[in-house]
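Peer 1: What follows is a structure written as structure tokens; I'll ask about it next.
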Amino acid sequence: MGISLRGTLGLASAVAALTLGTGTAIADEEAELVVNEEIEMVVRAEAPDHLADTLDTIYSGWVFRSDETQALQADDFDNPGFVFVDVAMDAWNAADGAAGKSCADCHNDPMDSMVGVRAVYPKWNDEAGELRTLEMQINACRTGQMEAEEWKYDGSDMVNMTALISVPSRGLPVNVAYDGPAQEYWEMGKELYYTRTGQLELACANCHEDHYGDMIRADHLSQGQINGFPVYRLKNAKLNSAHARFKGCIRDTRAHTYKPGSAEFVALELYVATRGNGLSVEAPSVRN
Amino acid sequence: MKQAVVGAIALMASTVTVQAAETVPGDVDYGEYGEVQQSLTGAPGDSEAGREVVSNRALGNCVACHAAEALVDVPWHGEIGPVLDGAGSRWSEAELRGIVANAKMMFEGTMMPAFYKTEGFTRAGDAYTGDPAPEDLPPILTAQQVEDVVAYLMTLTDE
């Protein structure tokens, strides 16, 4: 299964897009992503070892988007996701909770202190004896250090904060570990990835492993990589967490979905993240 | 009043007749290769209505995965499954009925959803709500819609 457009329909659409300049769903699949003329993103990489029998190359979802959507991510002034990063920066500096502390009181400037963090989550936490997503770590900080209320797992406060924390990792390779105590969660996530759910009986793999690069009605199927999450979606004009996207995808198989923050989605996030080991952290990315 | 009662009885009788002739999803008789000989409604389908089911996102949405030159007026055809043009020459009516009702009976492991099936799912939902499926989960397409799609596909013959 390759990435190039196949069949006369794809060719016809591509020609139409070129001719008319509509640039609808057809992307320049050879394009390179350099953000702010500075951060060189790896949008294509050799598949990680655990996928060696399945894929040769892994691709960022950016590769599959239209020229216009691709361009929005090339400059932070054009990237609408940065409106929400600014909102999160205010939250970062604001004291909250009984301890009267802000994030900044312990972590100073996130552009220094959070470098590399996004790239390694979800991550096993030895002290807590649990696998933590970035959201879980933020809530652990809020309740433990700040004595503040937990944020809703996929609420706007949370997703905006995960975007802010991702910014200083942009361009670094995703490098999520799945050995040791994380392995059983990884296996569970893998199982979910290949489970055909809902009345449509579709697994993640049906679309994102077997048919990436193909059109499914007006959608250009990607590999479902999450290196760009949270993503700003043109569709709903806000930042979207990986779990919210998982939920939408599974809902669209006519299935009873799992909840954001559930053990199932934490495991799935771990597994899907490791399918993207080697791609750059892009968040906040822009997608349709 | 009398006429109304007679009308109501006639309506009930016709409803009963339709139900008696219609095969419910659990009773579909798949042949050795996944074909289904008998019409699910006991009658031929309507190919014009079938064209709508094939094209409409809220109905069969077949073009989400299958392209067809015969449906050039319908925007955005998918590239997942085989093109539909010529399906009426490549397959018999019984085979097309089996493929639409539950393609997995013919092609093990196929990505194609079963459009006339109501059980045996993992985490079945209530359409696209994300909520759990109701007890009486309906098939994606009705028996009539399946027959209409089959009738339409039978018109897609090679020249």
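The values are calculated or read from the model by the stated rules, or taken from the named source; none is laboratory data. Bear in mind that the values here come from a model prediction, so they are computed numbers and not experimental data. Positions of Cβ are backbone-derived with ideal geometry, glycine not excepted, and every protein chain shown enters the neighbour counts.
Peer 1: If only one of A:ALA273, A:ALA267 is crowded, with 20+ Cβ neighbours inside 10 Å, more than 22 Å from A:GLY81 (Cα to Cα) and more than 13 Å from chain B (Cβ to nearest Cβ), which one is it?
Peer 2: After ruling out the rest, the residue left standing is A:ALA267.
Peer 1: Can you pull out the residues in region A:239-264 that are of a type in the set (Ser, Thr, Tyr) and either touching a residue at least 24 places away in the same chain (Cβ under 8 Å) or buried (at least 24 other Cβ atoms within 10 Å of the Cβ) (or both)?
Peer 2: Of everything in region A:239-264, those that are of a type in the set (Ser, Thr, Tyr) and either touching a residue at least 24 places away in the same chain (Cβ under 8 Å) or buried (at least 24 other Cβ atoms within 10 Å of the Cβ) (or both) turn out to be A:SER241, A:THR253, A:THR257.
Peer 1: Being of a type in the set (Asp, Glu) and touching a helix residue (DSSP H, G or I) at 6+ places or on another chain (Cβ under 8 Å) is the filter here, so list the residues in region B:96-123 that pass it.
Peer 2: Scanning region B:96-123 gives a single hit, B:GLU119.
Peer 1: Go through (1) within 12 Å of another protein chain (Cβ to nearest Cβ); (2) within 9 Å of B:ASP148 (Cβ to Cβ); (3) among the basic types (Lys, Arg) for B:ARG51 and report which single condition fails.
Peer 2: Every listed condition holds for B:ARG51 apart from (1).
Peer 1: Can you name the condition, by its number, that A:SER285 falls short on among (1) within 14 Å of chain B (Cβ to nearest Cβ); (2) touching a residue at least 40 places away in the same chain (Cβ under 8 Å); (3) touching a strand residue (DSSP E or B) at 6+ places or on another chain (Cβ under 8 Å); (4) among the hydroxyl-bearing types (Ser, Thr, Tyr)?
Peer 2: Result: A:SER285 passes all but (1).
Peer 1: For the structure I just gave you, tell me whether B:ASP158 is over 18 Å from B:GLY31 (Cα atoms), out of contact with any His (no Cβ under 9 Å at 6 or more places or on another chain), touching a residue at least 24 places away in the same chain (Cβ under 8 Å) and buried (at least 23 other Cβ atoms within 10 Å of the Cβ).
Peer 2: No; evaluated as a whole, the condition is false for this residue.
Peer 1: Can you confirm whether region B:63-82 contains a residue that is within 15 Å of the chain's Cα centre (by Cα), in contact (Cβ under 8 Å) with a residue 60 or more places away in the chain and at negative phi?
Peer 2: No, that holds for no residue.
Peer 1: A further question follows. I'd like to verify a number: residues in region B:131-152 that are more than 17 Å from B:GLN38 (Cβ to Cβ) and surrounded by 20 or more Cβ atoms within 10 Å (Cβ to Cβ), how many?
Peer 2: 3
Peer 1: Look through A:LEU172, A:LEU202 and report the one residue that is among the aliphatic types (A, V, I, L, M) and more than 14 Å from chain B (Cβ to nearest Cβ).
Peer 2: From the options A:LEU172, A:LEU202, the qualifying one is A:LEU172.
Peer 1: Can you tell me which residue in region B:117-128 is nearest to A:LEU192 (Cα to Cα), limited to those that are more than 7 Å from every other protein chain (Cβ to nearest Cβ) and surrounded by fewer than 20 Cβ atoms within 10 Å (Cβ to Cβ)?
Peer 2: Per the stated criteria, the residue is B:GLY120.
Peer 1: Among the listed residues B:ALA67, B:ALA114, B:ALA103, B:ALA94, which satisfies the condition of being in a helix (DSSP H, G or I), at pLDDT 95 or above and either closer than 22 Å to A:HIS211 by Cβ or within 14 Å of chain A (Cβ to nearest Cβ) (or both)?
Peer 2: Exactly one of B:ALA67, B:ALA114, B:ALA103, B:ALA94 is in a helix (DSSP H, G or I), at pLDDT 95 or above and either closer than 22 Å to A:HIS211 by Cβ or within 14 Å of chain A (Cβ to nearest Cβ) (or both), namely B:ALA103.
Peer 1: Sticking with this structure for a sec: Residue check, A:LEU221 against (1) within 13 Å of chain B (Cβ to nearest Cβ); (2) over 22 Å from A:HIS50 (Cβ atoms); (3) not β-branched (Val, Ile, Thr), all met but one. Which one?
Peer 2: (2)
Peer 1: Just checking, how many residues over region B:115-139 are aliphatic (A, V, I, L, M) and under 14 Å from B:VAL24 (Cα atoms)?
Peer 2: Here the count works out to 1.
Peer 1: Please specify each residue of region A:34-69 satisfying the condition of being part of a helix (DSSP H, G or I) and out of contact with any strand residue (DSSP E or B) (no Cβ under 8 Å at 6 or more places or on another chain).
Peer 2: A:ASP49, A:HIS50, A:ASP67, A:GLU68
Peer 1: State whether the residues of region A:194-217 include one that is over 29 Å from A:ARG44 (Cα atoms), within 19 Å of the chain's Cα centre (by Cα) and among the polar types (S, T, N, Q).
Peer 2: Within region A:194-217, not a single residue is over 29 Å from A:ARG44 (Cα atoms), within 19 Å of the chain's Cα centre (by Cα) and among the polar types (S, T, N, Q).
Peer 1: Please indicate, with yes or no, whether at least one residue in region B:143-153 is facing another protein chain (nearest Cβ under 8 Å), at pLDDT 95 or above and under 24 Å from A:ARG251 (Cβ atoms).
Peer 2: no
Peer 1: Name the helices (runs of 4 or more DSSP H) wholly inside region A:130-236 in which the number of residues that are touching a residue at least 60 places away in the same chain (Cβ under 8 Å) and either surrounded by fewer than 22 Cβ atoms within 10 Å (Cβ to Cβ) or in contact with a Gly (Cβ under 6 Å, 6 or more places away or on another chain) (or both) is 2 or more.
Peer 2: A:156-166, A:183-193
Peer 1: Select, from B:ASP136, B:ASP85, the only residue that is in contact with a helix residue (DSSP H, G or I) (Cβ under 6 Å, 6 or more places away or on another chain), within 14 Å of chain A (Cβ to nearest Cβ) and not in a helix (DSSP H, G or I).
Peer 2: Criteria check complete, one pass: B:ASP85.
Peer 1: Take the conditions within 18 Å of the chain's Cα centre (by Cα) and in a helix (DSSP H, G or I) and apply them to A:ILE250. Does it pass?
Peer 2: yes
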